[in-house]
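What follows is one structure encoded as structure tokens, with my remarks underneath.
The values are calculated or read from the model by the stated rules, or taken from the named source; none is laboratory data. In this text, all values refer to a predicted model and were calculated from it rather than measured experimentally. Here the Cβ positions follow ideal geometry from the backbone for every residue, glycine too, while neighbour counts run over all protein chains shown.
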Amino acid sequence: MCNYLLKLGTWALLALTAICMISSGAQFNGTIYHLGEKEALVTMPVNASHLNLTLSEKTENMTLVDEMGMNVTFNSSYRYLRGDYIYNLTFEKHVIGWLNYTMSSQGQMFILPIRDHGPLRVILPAGFTTGERSLGIAKPEPDEFVEDDSGSILTWNNTTQISYIEVNYYRKSAPQALVIIMAILGLTGLVLLAQYYISIRKLKEARMEMEREANGKGR
């Protein structure tokens, strides 16, 4: 029951996202990957009555929303071929709108093989960003990178020369945390170095004292 409610909430969020994009007159006409902790919500534009979709993993949850924000029924079948799931989608009518589905997204790395060379956008989870080479970058570099209240948004307008996209991302607080860690390590190193020189100095003084005592006894 909990899994069912979770999936229902996910699809409601997808439908709401699509409706908001349509009603707001969003100009971006490409596929959007909204990354979460365990799943990516995918929204792709549709202007057809039939669609073939090739995915690297199986998805059983698809919804279709037209330009008025209404759900559209469709028939779906798939076949597995050479590691890919090839979906055949037939709509009840010609649809201008958005197809929504989910795909797995684990960790803080997102790798996407490019199958359809159209514009695409990746929205990172809230509180995450990318671009610091020591922590994680996007390859290839996006054409646009925007950070706002909805999250960090990366856009590739032309993917004709791209075989895959890889985005490594991290929490926005990570650079500050890294600086603090490096400062602590540096301070610890200085303390250890100071202790080392103090120990060496004490050993030299002790040796000199022993030599003085030995020379005194020798007389």
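Quick one: residue 123 ticks every box in (1) in contact with a Leu (Cβ under 7 Å, 6 or more places away or on another chain); (2) at positive phi; (3) of a type outside the set (S, T, N, Q) except a single one, so which number is it?
Every condition holds for residue 123 apart from (2).
Restricting attention to the range 57-89, report how many residues are over 29 Å from residue 165 (Cα atoms) and either aliphatic (A, V, I, L, M) or part of a strand (DSSP E or B) (or both).
Final tally of qualifying residues: 6.
Take residue 84 and tell me if it is closer than 19 Å to residue 28 by Cβ and assigned by TED's automatic domain parsing to the domain that holds residue 118.
No, not satisfied.
Which strands (runs of 3 or more DSSP E) does the range 110-174 wholly contain that include 3 or more residues that are more than 14 Å from the chain's Cα centre (by Cα)?
On the way: elements: 120-123, 144-148, 151-156, 164-168.
Passing ranges, in order: 144-148.
Say whether the condition of being closer than 30 Å to residue 140 by Cα and out of contact with any Asp or Glu (no Cβ under 8 Å at 6 or more places or on another chain) is met by at least one residue in the range 66-80.
Looking through the range 66-80, at least one residue is closer than 30 Å to residue 140 by Cα and out of contact with any Asp or Glu (no Cβ under 8 Å at 6 or more places or on another chain).
Within the range 34-47, can one find any residue that is part of a loop (DSSP other than H, G, I, E, B), under 13 Å from residue 99 (Cβ atoms), under 21 Å from the mean Cα position of the chain (by Cα) and of a type in the set (S, T, N, Q)?
The answer is no, given that none of the residues of the range 34-47 is part of a loop (DSSP other than H, G, I, E, B), under 13 Å from residue 99 (Cβ atoms), under 21 Å from the mean Cα position of the chain (by Cα) and of a type in the set (S, T, N, Q).
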